[in-house]
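Visitor: This is the structure I have questions about; it appears just below.
Readers should treat all values here as calculations from the given coordinates under stated rules, not as data from a laboratory. All values reported here derive from a predicted model rather than from experimental measurement. Don't worry about glycine lacking a Cβ; one is built from the backbone with ideal geometry, like all the others, and counts go over all protein chains shown.
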Amino acid sequence: MKSPWAYSGPVYAGTHFVVCVLIPIGIGLYLDKRFGWAPWGLVGGAALGFVTGVYAVIRPLYMQTSEKDGGAADADDAGTQSREPPERES
């Protein structure tokens with residue numbers, strides 16, 4: 001039987017995604033009612049919420065992978081290698 005703590009990661013990620021989506025949608029609905037922008041406040045809020053939700057879920061996964069690799073998955077040097085030619089023997 002799995003420990004209840006084994007499910008904390010996916011539950012946290014799902015909850016975080018939902019909150020990141022619902023807050024901008026709520027702000028968009030408020031702006032729709034306040035300024036009569038319907039439906040553009042909702043559309044903009046949903047788009048912004050989806051982008052922030054995906055970012056909020058992917059970032060901890062990326063950071064966790066980076067820690068396991070010993071920091072090798074840094075954004076600055078991901079996929080870069082030394083471009084120096086090999087030394088020739090005389």
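Visitor: If each residue's Cβ is checked for other Cβ atoms within 10 Å, how do VAL51, VAL57, VAL21, VAL11 rank with the fewest at the top?
Guide: VAL11, VAL51, VAL57, VAL21
Visitor: If the chain between GLU67 and LYS33 were fully stretched, how many nm would it gain, using 0.36 nm times the residue separation less the Cα-Cα distance?
Guide: 7.7 nm
Visitor: Oh, and also: So how far apart, in nm, are the two label points at VAL54 and VAL19 if each is 7 Å from Cα heading toward Cβ?
Guide: Using points 7 Å along Cα→Cβ, the separation is 2.2 nm.
Visitor: Still on this structure, please answer the following. Show me the three semi-axes of the equivalent ellipsoid for the range 9-66, from the C-alpha gyration tensor (sqrt of 5 times each eigenvalue), largest first, rounded to whole Å.
Guide: Semi-axes (√(5λ), whole Å): 28, 10, 6.
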